[in-house]
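Inspection log for the structure reproduced underneath, given as structure tokens.
The values are calculated or read from the model by the stated rules, or taken from the named source; none is laboratory data. Because the structure is a prediction, the values reported are computed rather than measured. Please note: Cβ atoms are built from the backbone with ideal geometry, for glycine as well, and neighbour counts cover all protein chains shown. When the accessible area is computed, the model is the full protein with side chains, heavy atoms only, and any ligands, DNA or RNA have been set aside. Shrake-Rupley method; radii C 1.70, N 1.55, O 1.52, S 1.80 Å.
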Amino acid sequence: MAVTSTMRRRYRGGGPSRTPAPLLLVAVVCAAAAAVPLVYLVIVIAGSPSAAGDAIWRARTVELLVRSLGLALAVATTSSVIAVVLAWLTVRTDLPGRRLWALLTVLPFVVPSYIGAYLFVSALGPGGVLVQVDWIYGFGGAWLVLTLFTYPLVLLPVRAAMRRQDPSLEEAARGMGAGPVTSFLTVTLPQLTPAIGAGALLAALYTLSDFGAVSILRFDSFTRVIYQSYRASFDRTGAAALAGLLVVVMLLLYLWEARVRSTRSSARSAPGTARPLAPVPLGRWKLPALAFCTAIVTIALVVPVITLVVWSQRAVAGAPDWSAITGAMGNSLLTAGLAASAAVLVALPVALLSARHPGRATQTVEAISSSGYVLPGIIIALALVFVGTRAAPWAYQTLLIVVFAMVVHFLPLALGAMRTALLQVPRSLEEAGRSCGRGPLSVWATITAPLAMGGTLAGGALVFLTAVKELPTVILLAPTGFQTLATEIWQQTNASVFEAGAVPALVLLLVSAPPLFFLVGRD
Amino acid sequence: MIRLPRLLATALLAFALILSTSACGEDDTSTSSSGATGAAGAAEDVGELTVYSGRAQELVKPLLDKFTADTGVKLNVRYGDTAELAATIREEGENSPADVFFGQDAGALGALQKAGLLGDLPPATLDKVDARYRSTAKQWVGTSARARVIAYDKREINEDEVPPSVLDLTDPKYKGKVGWAPTNASFQAFVTAMRKINGEDVAEQWLKDMKANGTKAYEKNGLVRDAIAAGEVQFGLINHYYVLEAAAKEGADYPVGVGFAKAGDPGSLVNVAGAGILKSSDKQDGAVQLVDYLLGDESQRFFAEKTFEYPLVGSLPSPEGVPPLADLAQPGLDLSDLDDLEGTLKLIEQTGVL
């Protein structure tokens, strides 16, 4: 087999390995699927380049770009800080109830951003039930809300990395007299950089693509203008041009993050079985630590849930239609489950390539595979409308195209987690397996895959949790009449007020909890 | 403790994969049936129509169900945002599975007409509706009408204190007291009307002055109304039915009232929800049947009573609490001109309102 010979050459030769052609080929095919929206953007922009140019050179484009990037960086930064503190508290310390905190602090991720934003407006906005603050509309509000609902994107990979970290390094530092803080800052944190970078990049890209929160919090972002192009002027060229610009921005962010990542290596030097590190006693810091966790969970989870419960009691639209909600729940689970499985499969070759064979070609494949996450859902959906009706009419408005769209949209979520996991599998173990005479596939199946399983599942779970609340691609691409919880919320809130969507929103939170529980309780 | 969850995870993944293959199997069957309807040109069989509805399911589903019950014609209805569904039809082009587009505003219908995707409606259908409320190019027809109003807080403002023109709202005494929804299609249609009635310069100045006067922007008309009810603002520029439907639900002491700017003012613009038939549809007869049904007595009564809109056919009364349609005449305005949203969007962007 070609794989075998290529890989054998690699292992015998030592030194920087050549990329096996079959793996590259499979990865390129996967990336090609992810490139469908890009092809669509090129077709539309090429269709009337002057209109596209006009849209970009409008004076406000630069301003919007700066504002959106500013928000993305701010959200990524605060998310990272919150995530690192929470991860450290729940993995490394003797925080009381840390398993429970580990679960609760990840849960805000399942709150759809527009629901979260609306909850905050009704709590803190003018006439708000808690207090009234001016900054809720605009940058401040968008920063707060997006941070609270995206920090789990950083928390999950950082927690995973922290658990897999080699304890001996920190023990050595402690043994030489460094305090817990010093050893954390000088030993632990640098090792976490790849995980933080990957998570922060996702948080930043999500912020750039989000429409729900920024529209309700009245923050003029790039994505909001893209939606406007469709809604107000039916202008697809302008929208495509702006989306193209968003992809360019994403590529720059991506390259920046990749540079940070490439300078670090995070594989354990010790054998693959995790040895638990003695937890750091918090001592007098126990109360502040608990207060911090409580504050985050209260703001990002308890308040939203209570508000939703209160709203559902108000029953704006009469008694909820439980049969519709149950059906929608089944459809949500089905689409999200399929999207998660498919995304993991598609991400696998790209992640392998990325973790084992870095280089120019790899970086290109990876960048293209990641582009879907920065694009607003409406662009992904319309791209697949355009391509689907022409290239695959048999799949148009079926579950197949919905799942395809979700894979394109959320692939980076799986990719990031899987790449991190693969990077943490020590090469020496694989090489030891090879030197015992095992073939590369056998090594992969018995050594690499089991060790990378955790990260793979984490990636799949992230896709699941994102796909379960996904709206635009389902509305435009699903079979006619196919309702998910997200479309149910949309139908209700579209016809009347946000309160009417409370019941399906609560169900959405409930069905998202088990995969999260599984994800966090795994270890 | 470590083994079991992993095993579980593997089982779950395998389960998902099995599901995926079986689901693909399902897809195949559903596709072949929809493919069959798509290519039913061979024999005109009006057994099934596909409708893209920008009007909310909660509002119009009962009516569309009634159509199926009355005629035996099954409807596949895709509900979504009016503009996004129009954009979808644009991307689908000739391959669109839709037969009828049922939209929330004239602008989206006008855009599809301009893109050459709608076909001509028969004169008998068009003539049911006053010429003001249908396309001059004969490709779409209004099915119900909605008026722009100056909604106000009844606790703070008397009805006779509602200004006679939206142009008055730039007065400093309204500073910070007005809410609007600049991203909303009906707001933008209203600005387009102002450009046509009062001229570009007046519209531009008005937008600038309104912004400078601290007018608060909301994402939806309904949120503007709720902001009035919550005492956040005292006036709101929205459509009439948002207030009527809330008042019907909340009872007589609902604090928001509808005020009308004087006839001819863009602040009392009458716009329509309407329908058009796709040129690419091979079920023209069935599609016409549906559009005619929407213009029929029963549907018109439904719009008046259930969605609190103005009926456009026959002599049905207007909903309670609003002046008759004839009193809101816009002498200087052709509804078809409202499709010039591009200019409006530019204006709204230039003035920094969006």
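Within the protein assembly as shown, DSSP assigns beta bridges of which about 65% are antiparallel (rounded to the nearest 5).
Contact with the other protein chains removes 20 Å² or more of accessible area, compared with the isolated chain and a 1.4 Å probe, from these residues of region A:389-434: A:Thr389, A:Arg390, A:Trp394, A:Tyr396, A:Gln397, A:Thr398, A:Leu399, A:Leu400. Remark: region A:146-218 carries 27 Å² of accessible area per residue (probe radius 1.4 Å; ligands, DNA and RNA excluded). For region A:137-180, the fraction of 1.4 Å probe accessible surface lying on carbon and sulfur atoms is 69 percent. Using alpha carbons only, how many degrees (0 to 90, rounded to 10) separate the axis of helix B:185-198 from the longest principal axis of chain B? Approximately 40 degrees, to the nearest ten.
Here is what passes the span test in chain A: the DSSP H helices with alpha carbon length of 30 Å or more along the helix axis and a Kyte-Doolittle mean of -1.0 or above are A:59-92, A:139-164, A:236-262, A:322-356, A:399-423. Here the calculated FRET efficiency for B:Lys262 and B:Thr68, from their Cβ-Cβ distance with R0 = 51 Å, stands at 0.75, rounded to the nearest 0.05. Using a probe of 1.4 Å on the protein chains alone, the accessible area found for B:Asp226 is around 40 Å². Our estimate of slack between A:Leu185 and A:Arg360, defined as 0.36 nm per intervening residue step minus the Cα-Cα distance, is 59.8 nm. Extension gain, A:Val39 to A:Ile306: 0.36 nm times the residue separation minus the Cα-Cα distance gives 91.7 nm. Between A:Ser435 and A:Ala513, what is the spin-label point distance in nm, taking each point 7 Å from the Cα along the Cα→C-beta axis? Rounded to a tenth, the inter-label distance reads 5.1 nm.
Pairs spanning more than 21 Å between alpha-carbon atoms, out of B:Lys177/B:Lys346; B:Lys74/B:Lys283; B:Lys138/B:Lys262; B:Lys220/B:Lys279; B:Lys138/B:Lys279: B:Lys177/B:Lys346; B:Lys138/B:Lys262; B:Lys220/B:Lys279. Here the convex hull built on the C-alpha positions of the protein assembly as shown has a volume of 164 cubic angstrom per residue. For region B:131-264, the solvent-accessible area of protein heavy atoms averages 37 Å² per residue (probe radius 1.4 Å; ligands and nucleic acids excluded).
When chains B and A come together, the accessible area they lose, probed at 1.4 Å and totalled over both chains, is close to 5300 Å². Under a Gaussian network description of chain B, with springs only between Cα atoms under 10 Å, the residue in B:Glu245, B:Glu305, B:Glu320 that fluctuates furthest is B:Glu320.
Of A:Asp94, B:Asp253, the order by accessible heavy-atom surface (1.4 Å probe, DNA, RNA and ligands excluded), from most exposed downward, is B:Asp253, A:Asp94. The modelled label-to-label distance for the pair A:Ile299/B:Ala252, using points 7 Å beyond Cα in the direction of Cβ, is 4.7 nm.
When shorter helices are ignored and each DSSP H run of at least 4 residues is given -39500 (n - 2.57), the per-residue value for the protein assembly as shown at 222 nm works out to -19500 deg cm²/dmol.
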